[in-house]
Amino acid sequence: MRDGKIVETDLVGDGPEGYVEKDQTLTYTIHFQNTGNDTAMHVFVFDEIDSDLNMETLEILDASHVMNVYREGRMMKFDFPDIMLPDSGASYAKSQGYFTYRIAMNPGLPASTRIENFADIYFDWNDPIRTNTTLHTIRLANGIESVINGVEVSIFPNPATSCIDVQLDEEIEGTIQILDMRGAIVSTSTIQGKQSRTSVQGLAQGMYMVRVSTAAGVIATRRIIILS
């Protein structure tokens, strides 16, 4: 098996819809890993850019290995020829790769516009592995969405090793959810009042999202790093 891993973005929106302001630049990182049982000689990635992003602003920021980039219309091909990526059993660290690019939204997108991104990753000539899909939704001008504005939320420590503290500037009754970067909920706890402590023990090292919600909607979504 080869693993397409994840697409992650530097801009974390509010709530499940990922509400953000318009006219921003998004930075995407696509991760991949060879979890098979032999060396992958060639890796290439197809990523069709959302029509609400400006192709002319796309800029490559970083890559783990030598990479060639090709464009046909809105389809991008990120090619790693002769990458010779060892399998994770031979070297976990060297079995992984990534690349990062940034791209601006088209100017003046209307409210509720949804911007999605995913990639198909090929290891040699095996069937592609599809990543998760990221989502950003342009915030309504009057702020009408299932997000409660005006509540200040602090989550610490970050990075965390054993637990996280969630502090708010007003009392609520709600839930704290921890999600992995694929969007799966890996932990749920409750909060009553202005503060709650949530254990992160047993979670694998990596990047997660913390979502604080009440019955009225999502208050905040924050990115954290968990260290083992």
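Key figures for this structure:
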read-out: Unmet requirement for Gln177, which otherwise passes all of (1) closer than 16 Å to Tyr208 by Cα; (2) crowded, with 17+ Cβ neighbours inside 10 Å; (3) modelled with pLDDT under 90; value: (3)
read-out: Residue satisfying all of: in region 61-116; basic (Lys, Arg) and within 19 Å of the chain's Cα centre (by Cα); farthest from Gln33 (Cα to Cα) among these; value: Arg114
read-out: Enumeration of residues in region 54-83 that are under 12 Å from Phe44 (Cα atoms) and among the aliphatic types (A, V, I, L, M); value: Val66, Met67, Val69, Met76, Ile83
read-out: Selection count, region 86-112, where residues are of a type in the set (A, V, I, L, M, F, W, C), at pLDDT below 95 and under 26 Å from Gln205 (Cβ atoms); value: 2
read-out: Qualifying position, being within 18 Å of the chain's Cα centre (by Cα), loosely packed, with under 13 Cβ neighbours inside 10 Å and over 23 Å from Leu135 (Cβ atoms), among Ala184, Ala204; value: Ala204
read-out: Neighbours by Cβ (under 6 Å, 6+ apart or cross-chain): first from region 212-228, closer than 16 Å to Thr198 by Cα; second in a strand (DSSP E or B) and charged (D, E, K, R); value: Thr221/Asp14; Thr221/Arg211
read-out: Residues of region 187-201 classified as under 15 Å from Ala220 (Cα atoms) and buried (at least 16 other Cβ atoms within 10 Å of the Cβ), total; value: 2
read-out: Thr134 within 16 Å of Glu17 (Cβ to Cβ), at pLDDT 90 or above and in contact with a Leu (Cβ under 9 Å, 6 or more places away or on another chain); value: yes
read-out: Members of region 13-37 that are in a loop (DSSP other than H, G, I, E, B), closer than 13 Å to Arg139 by Cα and either of a type in the set (Phe, Trp, Tyr) or at pLDDT below 90 (or both); value: Gly13, Gly15, Pro16, Glu17, Gly18, Glu21, Lys22
read-out: Residues being out of contact with any Lys or Arg (no Cβ under 7 Å at 6 or more places or on another chain), among the aromatic types (Phe, Trp, Tyr) and more than 15 Å from Ile121 (Cβ to Cβ) - total across region 64-100; value: 1
read-out: Residue match in region 60-82 (condition: assigned to a strand (DSSP E or B), touching a helix residue (DSSP H, G or I) at 6+ places or on another chain (Cβ under 6 Å) and either in the same structural domain as Asp120 (by TED's automatic domain parsing) or crowded, with 16+ Cβ neighbours inside 10 Å (or both)); value: no
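The values are calculated or read from the model by the stated rules, or taken from the named source; none is laboratory data. Quick caveat, the model's predicted, so the values are computed rather than measured. Note: ideal-geometry Cβ built from the backbone for every residue, glycine included; neighbour counts use all protein chains shown.
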